[in-house]
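See below for the structure under consideration.
The values are calculated or read from the model by the stated rules, or taken from the named source; none is laboratory data. Source: prediction; values computed, not measured. Because the Cβ atoms are built from the backbone with ideal geometry, glycine has one as well, and the counts that use them run over all protein chains shown. Protein only, heavy atoms only, side chains kept; ligands, DNA and RNA dropped before computing areas. Shrake-Rupley method; radii C 1.70, N 1.55, O 1.52, S 1.80 Å.
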Amino acid sequence: MSGSSAPDSALDPGPGGRRRTWAELLAGRVKRQKHGAERGQQVRAAAVQLLRRHLNLSHLLLEVGGQLPAKLRPSAWLDLRTNCGDPGALVGSALRDQASRLGVPVAVLASQTVASSVVQICEAHAEPSCKVLLDPEQRKKLSSLLEITGHLLEHSMFSRLSFCQELWKAQDSLLLEAVWCLHVQNIVSLQELLESHKDTRAVVAWLFRNLRCLCEQTEESSPHAGIAGAVLSDFVRMFVSRGFQKNLDPGKNAEAERMPQIAVAVLRRMLLFTLEALADGVQEESSAHKAAQCWFSGFSGHTLRSIISTDSPKRFFRHTLTQILTHQPVLKVSDAVHMQREWSFARTHPLLTGLYRRLFVLLSPEELVGHLQDVLETQEVNWQHVLSCVSTVVVCFPGAQLLVTDWVARLLARAFESFDLDSMVTVFLVVRQAALEGPSVFPPYADWFQS
């Protein structure tokens, strides 16, 4: 009985007293709780996270009955840079005042203000529809904006995470050069910006679309050719170094390894686009031809020289060669026998032979022949690409004749020893293809057959 009477006594007002409700009793208990420093930090962190995800700066300013002060409007920052000795300090002071008035962290306010400004600059003069480079006026405005943003970063008044999240909300308006400028001027790196996107597929699609537009629009005679080349080189370098780095840490979670996934996916999509354009018979003056030519130009020693000391470029070249040799393996051996004359070095599309030669730069003739053998033994292949690659090898490498002869001799010995018909077919196709390039690079087919 005594155990069951306790709850009732809590509600019993006693003689002459008023019965208290449960809400009153619980309210008193909450007041007596002590919130430690750790609890306060958790609450603040949760509040900042909530602001980062849901704060709409424009709506918040309207709610408090005002608009962004003149000093904080990015349209005025160019004048500040010209007329003020320290524009960053002036903007920083105004941001602190405004953040205090709104009751939000100054870093969040600054990040959203800068992100909104970057988008506005990209949206100005947004013709043509497929545009990836800034015009001179946009470049000037963005330079001023990022100079002041650098000051905010130095004084811990800028949140990179909040800035990246805000930028991706308007990703369709972002210009590729503007994103590159953020990297070059050390506001936020390309890797950090790309990894901050929650949807890997979406960021791969965005990169593919913009890189393709960049390559289609790049003309050697264009006044923007230098900037376009620098943008392309930096992206290719990052994709190769991060997508093909050695021994990724197995202890890292999938989120930490998103950049290699993005890099490999973008490189694959760009290569498939160019190979499909070549298969369709791309015309020299077409946008697809320009895009393929520009993209392949990125696979140069000049582009990759800063990472050439690592193994990433060689792994990338081997991986790319495998993709080419196995792309759309629809041709049968009988097709190859009838058509291989059309796949000689002279008759192969110059873009494809040029790509082979770029890939050969870091791969020795011995590595090339070994790689060809590995691919032929383990995968279904595109015979047109395999045999055009053989032609390119024997034409471009003076010592290739001996290497190919030794290779087919080993294949022939294996074919007779184990009755391996596939090896026998490969031997005759490779020798016939090499012989098509003339006696200066390989013996005539009849002479080889008699020997």
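Worth a mention:
- Restricting the chymotrypsin sites (Phe, Trp or Tyr not before Pro) of segment 352-420 to loop positions (DSSP other than H, G, I, E, B) with no more than 13 neighbouring Cβ atoms within 10 Å leaves PHE419.
- Built amide H within the under 5 Å cut-off of VAL188, gap 5+: HIS183
- Cα centroid separation, segment 312-379 to segment 397-423 (Å): 17 Å
- Inter-centroid distance (Cα atoms) of segment 106-177 relative to segment 187-215, Å: 15 Å
- Sequence-ordered 3J(HN,Hα) estimates for segment 105-117 from the Karplus curve with 6.51, -1.76 and 1.60 and θ = phi - 60° stand at x, 5, 5, 5, 4, 5, 4, 5, 5, 5, 4, 4, 5 Hz, glycine and proline given as x.
- MET157 contributes about 10 Å² of solvent-accessible surface, heavy atoms of the protein only, 1.4 Å probe.
- Candidate residues ILE308, ILE324: accessible-area rank, largest first, probe 1.4 Å: ILE308, ILE324
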